[in-house]
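These notes are about the structure you will find just below.
Taken together, the values in this text are just the output of simple stated rules run on the coordinates, not laboratory data. Please read all numbers here as calculations on a predicted model, not as lab measurements. Methodologically, a virtual Cβ is constructed for each residue, glycine included, from the backbone with ideal geometry; neighbour enumeration extends over all protein chains shown.
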Amino acid sequence: MHSTQAAPTGDAAAIPRLSCVWSVRPSRRSLKRALSVLVPLAIAAAILSIALFHSLLAGIVAATLLVVTVADQLVPITYTVNETAISVRVGPVVWLDMPWANVASVSCIPEGLKLSAFDNPATARLESKRGIRLAYRAVDAERVEDAVQRFYAKSRKSNNNA
């Protein structure tokens with residue numbers, strides 16, 4: 001999961017690009033139970049929408065919206081931390097992407113780390129709606145925290161020099 005890739009060409013060709021990649025599946029233990037609830041709900045939403053709006057399209061839209069809403073609990077969430085940015089993918093879709101230049105603070109939360117664009121997240125009114133939460137398993141904790149600390153310190157140092 002921890003990989004080192006060579007930079008393509010140019011001046012950066014001699015500098016290795018380090019990245020830390022890991023995946024978390026929130027419903028790993030209860031995937032069957034989640035699907036046993038989601039499938040009947042999606043079918044019920046489709047039938048109800050078809051009955052109310054007399055349109056097959058409305059039923060398809062209702063079922064699709066329900067599935068998309070809970071997709072982050074059903075498919076693996078892949079986190080990538082590298083020297084330029086932090087990204088979060090839900091399945092094949094890049095959900096969030098934040099360059100290190102925008103990260104003003106890093107704090108510990110129960111499920112992992114929270115990277116915020118605010119210098120003092122405790123006083124920021126919109127803090128609960130902003131930033132990136134990095135969830136990880138206990139076995140990945142040391143590796144992830146080390147990568148975040150290294151890249152965050154490097155970005156702070158380069159921002160202070162600029």
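Using a Cα-Cα cut-off of under 19 Å, which lysines could be cross-linked to residue 154, ignoring same-chain neighbours fewer than 8 residues away?
Hits, sequence-local ones excluded: 114.
Ordered by packing density, taken as the mean number of other Cβ atoms within 10 Å over each peptide's residues, highest first, how do 140-151, 104-115 rank?
Values: 140-151: 16.6, 104-115: 15.0.
Ranking, from highest mean packing down: 140-151, 104-115.
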